[in-house]
Amino acid sequence: WVVVGVVRVIGNAGFAYVPYEYFTHTAGNVDRASQAQIVTTDHDAATVDALSKELEAAFENAGIQVTQTQTVAWIREQNEFYFQIIVVLLLIMSVMIAAVGALGLAGTMSINVLERTREIGVMRAIGASNRSVRNIVLTEGVLIGLISWGVGALIAFPLGRLMSDGVGFAFFQMPLSYAFAYDGIVLWLVIVLVLSAVASMWPARNAARLTVRETLAYE
């Protein structure tokens, strides 16, 4: 046989397209079939479902038992359902990681404010306003979040590729076609900036409330 092409399908069942006449004579299954694949000219769901029911009724009227009827849309829905479960689990993990990161940033900025109490006092002594001190802490927190986003964006592509291959082999015994979501990177940039600002708000407020006397007397 001469291989004229390779078909990539989702699933772990191995099969090949071969000439019907040659295969049936070789396997001794002339005029027999265990599966029929039909392609319609119209691919909308209503047409496909109606034709599927008509064919099933026609086979049964002809005395041919039909054990199962599947449409491409049905198979796609089943696959999407399984992937939606995975996506929801990953989103839950992402939310938990983001929450832990925000709490960690808030703790880091609070410690940073305590360590720089005298520095803040000097700034207040030379005329720095509450707003200026608060903006400095907020800017540092947002900058830390931005750096974290940049590092995460750099490792997102190779890590996502590995996860895509892992899920594909786990469910379908083959790697999935990987597509990097650039809009997701932009979305997470917005989320990181918002979380960084919120996490830094309380430490920035505490820093702005420090008086010159309190900061210079701090040990």
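You will find that of Val72, Val88, Val7, the residue that is closer than 30 Å to Ser164 by Cα and at pLDDT 80 or above is Val88 and no other.
Assigned to a helix (DSSP H, G or I), among the basic types (Lys, Arg), at pLDDT 85 or above and surrounded by 13 or more Cβ atoms within 10 Å (Cβ to Cβ) - does that describe any residue in segment 157-170? Looking through segment 157-170, at least one residue is assigned to a helix (DSSP H, G or I), among the basic types (Lys, Arg), at pLDDT 85 or above and surrounded by 13 or more Cβ atoms within 10 Å (Cβ to Cβ). The C-beta contact set for segment 23-44 (first residue over 22 Å from Gln68 (Cα atoms), second residue acidic (Asp, Glu), distance under 7 angstrom, 6+ apart or interchain) is empty. Number of residues in segment 171-196 that are over 18 Å from Val95 (Cβ atoms) and surrounded by 13 or more Cβ atoms within 10 Å (Cβ to Cβ): the value is 6.
To keep it simple, each residue is scored yes or no on (1) touching a His at 6+ places or on another chain (Cβ under 7 Å); (2) part of a helix (DSSP H, G or I); (3) not hydroxyl-bearing (Ser, Thr, Tyr).
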{"position": "Leu176", "(1), (2), (3)": "no, no, yes"}
{"position": "Phe180", "(1), (2), (3)": "no, no, yes"}
{"position": "Asp183", "(1), (2), (3)": "no, yes, yes"}
{"position": "Val186", "(1), (2), (3)": "no, yes, yes"}
{"position": "Ser196", "(1), (2), (3)": "no, yes, no"}
{"position": "Ala204", "(1), (2), (3)": "no, yes, yes"}
{"position": "Arg213", "(1), (2), (3)": "no, yes, yes"}
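Do we have any residue at all in segment 46-61 that's under 36 Å from the mean Cα position of the chain (by Cα) and exposed (fewer than 10 other Cβ atoms within 10 Å of the Cβ)? Yes; the residues of segment 46-61 include at least one that is under 36 Å from the mean Cα position of the chain (by Cα) and exposed (fewer than 10 other Cβ atoms within 10 Å of the Cβ).
Checking each residue in segment 109-124 for being at pLDDT 85 or above and either surrounded by 12 or more Cβ atoms within 10 Å (Cβ to Cβ) or aromatic (Phe, Trp, Tyr) (or both) picks out Met109, Ser110.
The values are calculated or read from the model by the stated rules, or taken from the named source; none is laboratory data. None of the values given here were measured: they were computed from a predicted structure. All Cβ positions, glycine included, derive from the backbone under ideal geometry; neighbour counts span all protein chains shown.
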